[in-house]
Amino acid sequence: MSQNLASAIDGMNSQSVLRDSDPAFIWAMEARWACAAAVGYLNGGTVDVESVQKCDCFHQRYLSFR
């Protein structure tokens, strides 16, 4: 989860993603929020399955448009 979060944050700051009008930026943003939530739950000792699944799904979508 932490690696997906870092990847999404990097994507949101990447000039190639920012200047493109494709969905990469949108999915990087969605992955950032979902992965941050999943990491927050994990740090608190809880596995929130929905947050983990969203993190994985949105990160894969971001990678597919990158």
Inset, instruction - Select from the stretch 21-40 the residues that are surrounded by 18 or more Cβ atoms within 10 Å (Cβ to Cβ) and aromatic (F, W, Y) and write down the one among them that is modelled with the highest pLDDT. - result: W27
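Out of everything in the stretch 41-60 that is over 9 Å from the mean Cα position of the chain (by Cα) and in a helix (DSSP H, G or I), what residue ends up being surrounded by the most Cβ atoms within 10 Å (Cβ to Cβ)? Show your work before the answer.
Pass one, the stretch 41-60, residues over 9 Å from the mean Cα position of the chain (by Cα): 41-53.
From what is left, the residues that are in a helix (DSSP H, G or I) are 41-43, 49-53.
On the way: Y41: 17, L42: 15, N43: 10, V49: 9, E50: 11, S51: 21, V52: 19, Q53: 12.
Among them, the one singled out is S51.
Report yes if some residue within the stretch 26-33 is touching a Leu at 6+ places or on another chain (Cβ under 8 Å), of a type outside the set (D, E, K, R) and under 16 Å from S2 (Cβ atoms); otherwise report no. Step through it out loud before you land on a result.
First, the residues of the stretch 26-33 that are touching a Leu at 6+ places or on another chain (Cβ under 8 Å): 31-32.
Now drop any that are not of a type outside the set (D, E, K, R), which leaves 31.
So of that shortlist, the ones also under 16 Å from S2 (Cβ atoms) come out as 31.
So far as the stretch 26-33 goes, yes, one or more of its residues are touching a Leu at 6+ places or on another chain (Cβ under 8 Å), of a type outside the set (D, E, K, R) and under 16 Å from S2 (Cβ atoms).
The values are calculated or read from the model by the stated rules, or taken from the named source; none is laboratory data. From a predicted model like this one, the values you see are computed outputs, not experimental measurements. Quick reminder, even Gly has a Cβ in these numbers, built from the backbone with ideal geometry, and neighbours come from all protein chains shown.
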